[in-house]
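Here the structure is laid out as structure tokens; the discussion comes afterwards.
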Amino acid sequence: MDEAPRDASAPSPSDDREWLIYRGRGEPHDDIDERLPPPPPWRAFPGEPISTPLPADDARRSDEQRRARNYRADPHVVELVNAALYLRRPLLVTGKPGVGKSTLAHSIADELRLGPVLHWPVNSRSTLLDGLYRYDAIGRLQEANLESSGPAGGPPAAPDIGRYIRLGPLGTALLPRARPRVLLVDELDKGDIDLPNDLLNVFEEGQFTVAELARLPDGQDEVAVMTADHADRVPVRHGRVLCSAFPVVVVTSNGEREFPPAFLRRCIRLDIQPHDHAALAEIVAAHLGENALERARPVIRRFLERREHADIATDQLLNAIHFAMSGARMPDDARQRLQEELLRPISSADPA
């Protein structure tokens, strides 16, 4: 049977992925500048972009880049990341431990060249203010007391308040920049039950107020404050931080509790599934080289067998394979025992 003629106006199969800004292949590019469409009208923010340099690379940054470039995202993950980019919405990422929820944020930042990830690890004591900024009132008071007099015996000089205000990871991510920063809000489900609701207004409005700066007298409209990543101090006018490009927000959760419906409907939800055999082989090749695959196959099979009954993380697999390839001279039974230990389930309640 002859094929029906193809509609010339329809996209060709080669065009199917051309809409993707993030591709999840560990290959950095600048396409976000040229190809990302404008935001929806309700997600456009009028902050005036500042031009301060991003932090310089260091040893920790190099390690993050290495992990990011070895990360491999499956097509479902890639599509939802791009939906979050297009819609300027937070990405709520769930999944079992070790599937790469946090590494996804580093992969996005590295591939799109958006600078180091701003990391906010949440715990039971975390508050919204922790993410926005910290004000060292005691330090400022101590400096004021040391300044007994100003120049020529005049009145005491007022300390530079900007030296005592440091923006947190969320506050730094909301600084107005032409290109967004990547913010990782890690393990939000460990936080206080009210924290997701507290985040709603900030995510919706793309702004917040530094109360201590908003109360300053006339003539002190602009103050340079410190940031979470120790870059140059940045100016804040009238005590208000208003974003220009909404940050790429990756919120991770291990599913320890449910989030409020109002929070969920403002996020793009992504549940990362465990990698299959082909994906694990690709990850092993990315980390340890193609030559590792032949030695790795029995370990991968054992890993998959165990994962059917227990939670085991992908980095445990990499450790087991690397150890198997290390060349350590030992009896086969000792090597097997150590491999079993390296693939021990994460939870002590899980079967071995």
Please tell me if Pro116 is touching a residue at least 12 places away in the same chain (Cβ under 8 Å), of a type outside the set (Ser, Thr, Tyr) and over 18 Å from Pro274 (Cα atoms).
yes
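Okay, residues lined up against (1) under 23 Å from Glu79 (Cα atoms); (2) in the same structural domain as Ser102 (by TED's automatic domain parsing); (3) β-branched (Val, Ile, Thr):
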{"site": "Thr209", "(1), (2), (3)": "no, yes, yes"}
{"site": "Ala214", "(1), (2), (3)": "no, yes, no"}
{"site": "Val225", "(1), (2), (3)": "no, yes, yes"}
{"site": "Arg233", "(1), (2), (3)": "no, yes, no"}
{"site": "Pro247", "(1), (2), (3)": "yes, yes, no"}
Give Pro41, Pro97 a once-over and let me know the one that is surrounded by fewer than 20 Cβ atoms within 10 Å (Cβ to Cβ) and in contact (Cβ under 8 Å) with a residue 12 or more places away in the chain.
Pro97
Residues located in region 82-132, provided they are over 15 Å from the mean Cα position of the chain (by Cα) and part of a loop (DSSP other than H, G, I, E, B):
Gly95, Lys96, Pro97, Gly98, Asn123, Ser124, Arg125, Ser126, Thr127
Pair list, Cβ < 9 Å and 6+ apart or interchain, from region 149-170 residues that are over 30 Å from Val250 (Cα atoms) to residues that are of a type in the set (A, V, I, L, M, F, W, C) and modelled with pLDDT of 85 or more
Asp160/Val223; Asp160/Ala224; Ile161/Leu213; Ile161/Leu216; Ile161/Val223; Ile161/Val225
Selected residue (criterion: farthest from the chain's Cα centre (by Cα)) from residues of region 277-292 that are free of Cβ contacts under 8 Å to residues at least 24 places away in the same chain and either more than 14 Å from Tyr71 (Cα to Cα) or surrounded by fewer than 16 Cβ atoms within 10 Å (Cβ to Cβ) (or both):
Asn291
Within the group Leu91, Leu36, which residue is in contact with a helix residue (DSSP H, G or I) (Cβ under 8 Å, 6 or more places away or on another chain) and within 29 Å of Asp276 (Cα to Cα)?
Leu91
It is to be established whether one or more residues within region 133-156 are at pLDDT 85 or above and outside any strand (DSSP E or B).
no
Any chance Ile21 is among the β-branched types (Val, Ile, Thr) and either surrounded by fewer than 16 Cβ atoms within 10 Å (Cβ to Cβ) or within 25 Å of His230 (Cα to Cα) (or both):
no
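The values are calculated or read from the model by the stated rules, or taken from the named source; none is laboratory data. Just so it is clear, the model here is predicted, and its values are computed rather than measured. Cβ: placed from backbone, ideal geometry, glycine included. Neighbour counts: every protein chain shown.
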